[in-house]
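Notes for the one structure printed next.
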C-alpha cells in the first residue's frame, strides 16, 4: 500500500540491484534494503475496536486504580469513534517504580485492539539507535523505531517507550533525546526520517506511551511534546486488593499451585505489606508473596506437612521477623521534635526534625546530611524567629545566649528541598518556648523571610506516608488545597487538613499552651 514516492524509490533501487554483480559486497546491502521496503507495513493499519465498555473492562481487569490513565484512553477511543481519524496522543506515564506503568501499555493495546511493541530507552547513548545508520556503513541497520514498526506489522501499534527519563543527553555519538523530538512531535512525525530508510515514514497514527520515574531528567523540549499523566503510589488498601486480585493468583500459577494448595487471607497480606515492604509500587510485595508460595511448593514437593491457610506465625517463619515497623510516630513529650513529610523517588516518607538549645553565643548548627536548600530553610526559620521573638513569647537575651542545633535523623540518607521549612520553624519555636507540639500532627511547606508559607510538591505521596505513620492532622499551604481536592476520598479518610498562609498560623495550630518536660 505504499505511495508514489516509495514506489519510485523501490523501482530505482531494484534497477540498481539488477545491474549489480551478485558477488560484490554491496549486493547483499542493496538486497537487505529492498527487503526492508517490502516488509514495512506502509499505510497498513489495524482496525480499532470501538467498544468503549469492553475497553474499560479490559483496563479495569488488568490494573487496579489508575483512573486518570484509563479515562484518557477511553476519551481517545470515544473521539476516534466519532471522528474516525485523528492523530494519536503522546502520553507519558510518570511515577515511582512498580506501579504498573509498563504493563499498562499492553492493556491499552488490548483495549484498542492494536498491536503492542516496546523499546527500552534506558542508557541509550547513540543517536543512530533511534535514527538508524546510513546504509553505506558496514552492518548498517534501521533505527529502533523503524525496526519495531516492522516487527509490529502495522503502522498504528501501541508503542511503549520505556524509561524515557534514562535516555542519555549530549554524548560523542550524538544526542538521542533530541532525536526523539522528531518521533514525538505530532506536527513532524507524519514523515519521520530514518537514515537507513532515507524515506519519510508516517508515525502519526502510532499511539506512543512513554514511561518515566522522574521528570527532572527529561529535557523540557521533549517534556513539552508529551501529555504527562502522574501515577502516584498505592495506599495499603489498594495494595491488598492488587495482591488478592493479581499478584497471588499470578504467583500460584507460576509455581504450579492452585488456591487449594495455599490461601493467604487479608490480615496476613496486610502483615506482609506493612512488615516487609516499604514502597510506592508492588514489586517488593510480589517478591515476598513469591517467597511464601515457594515455601508451599517446596513443602508439597518434599511431602512435608504445612498449613494451607497461612498464619502470622507462618509468615514470620518464612520471611523472618518483620523488618519494617509502620513509620513510627514518636510522640510529643520532648520540645523541639516535630514530624515533617518528605518526598522521595520511591514515594513519600515522614521525617523527624529535632532541635536543642545549649549555652553559647547564638550560633546555629545543622546536621543530618542536608543539601544547600534545606540548610537555607533552617537559616530563614532562625532569622524569622529573631525578628519576631516577642510575638512568639521568646526572650531576646535567650536567643543571644543559646546555641541552637537542628538535626534530622538518618544521617546517612541525603536530604534536600524547601518543604521542611515550616517543620524547622515549629521545632525551633517549640525549643525556645518549651511548648509541646500537638500530637499526631505532621506538616510540609516552604517558608519566606516575610513569614509566608509557600506550596510544595509530592502531596499525594506525602499523604500516603502520613497515613502509614498513623498521623491524624496535617498542616499545608493554602495553595496546596487544590492538590488535596484532586486526591480520591479513600486516600484521605481519617485525616484532617489545616490550610495556612503565614507562619504565625502554623505556630498557633501546631503548638499547645502546655509546656513539655525538657
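The values are calculated or read from the model by the stated rules, or taken from the named source; none is laboratory data. What you see is a predicted model; the values in this text were computed from it and never measured. For neighbour counting, all protein chains shown are included, and Cβ atoms are generated from backbone atoms with ideal geometry for every residue, glycine included.
What to note about this one:
- Of the helices (runs of 4 or more DSSP H) contained entirely in the stretch 227-338, those carrying at least 2 residues that are without any contact (Cβ under 8 Å) to a residue 60 or more places away in the chain and surrounded by 21 or more Cβ atoms within 10 Å (Cβ to Cβ) fall at 248-254, 266-276, 283-301.
- Among the residues making up the stretch 497-518, those that are modelled with pLDDT of 90 or more and in a strand (DSSP E or B) are 497, 498, 499, 500, 502.
Per-residue answers, yes or no, for (1) closer than 21 Å to residue 42 by Cβ; (2) out of contact with any helix residue (DSSP H, G or I) (no Cβ under 6 Å at 6 or more places or on another chain); (3) assigned to a helix (DSSP H, G or I):
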{"residue": "118", "(1), (2), (3)": "no, yes, no"}
{"residue": "126", "(1), (2), (3)": "no, yes, no"}
{"residue": "139", "(1), (2), (3)": "no, yes, no"}
{"residue": "147", "(1), (2), (3)": "yes, yes, yes"}
{"residue": "155", "(1), (2), (3)": "yes, yes, no"}
{"residue": "165", "(1), (2), (3)": "no, yes, yes"}
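- Filtered by the rule that a residue be without any contact (Cβ under 8 Å) to a residue 60 or more places away in the chain and in a helix (DSSP H, G or I), the stretch 367-386 gives 372, 373, 374, 375, 376, 378, 379, 382, 385, 386.
- Exactly one residue out of 214, 204 is surrounded by fewer than 16 Cβ atoms within 10 Å (Cβ to Cβ), assigned by TED's automatic domain parsing to the domain that holds residue 106, out of contact with any strand residue (DSSP E or B) (no Cβ under 7 Å at 6 or more places or on another chain) and assigned to a loop (DSSP other than H, G, I, E, B): that is 214.
- Residue in the stretch 71-83 that is surrounded by 22 or more Cβ atoms within 10 Å (Cβ to Cβ) and in contact (Cβ under 8 Å) with a residue 12 or more places away in the chain present: yes
- Tally of residues being within 20 Å of residue 383 (Cα to Cα) and buried (at least 22 other Cβ atoms within 10 Å of the Cβ) across the stretch 444-466: 4
- Complete set of residues in the stretch 142-181 that are free of Cβ contacts under 8 Å to residues at least 24 places away in the same chain and crowded, with 18+ Cβ neighbours inside 10 Å: 147
- Condition broken by residue 153, with the remaining ones in (1) farther than 22 Å from residue 178 by Cα; (2) within 25 Å of the chain's Cα centre (by Cα) satisfied: (2)
- Residues that are over 25 Å from residue 190 (Cα atoms) and part of a helix (DSSP H, G or I) within the stretch 70-106 comprise 70, 71, 101, 102, 103, 104, listed in sequence order.
- Matching residues, the stretch 6-27, being exposed (fewer than 12 other Cβ atoms within 10 Å of the Cβ), in a helix (DSSP H, G or I) and modelled with pLDDT under 85: 25
- Residues in the stretch 64-89 that are in contact with a strand residue (DSSP E or B) (Cβ under 7 Å, 6 or more places away or on another chain) and either modelled with pLDDT of 85 or more or farther than 15 Å from residue 206 by Cα (or both): 3 in all.
- For the stretch 117-141, a tally of residues being crowded, with 18+ Cβ neighbours inside 10 Å and within 15 Å of residue 180 (Cα to Cα) returns 9.
- The test for being touching a helix residue (DSSP H, G or I) at 6+ places or on another chain (Cβ under 8 Å) and in a loop (DSSP other than H, G, I, E, B) does not hold for residue 177.
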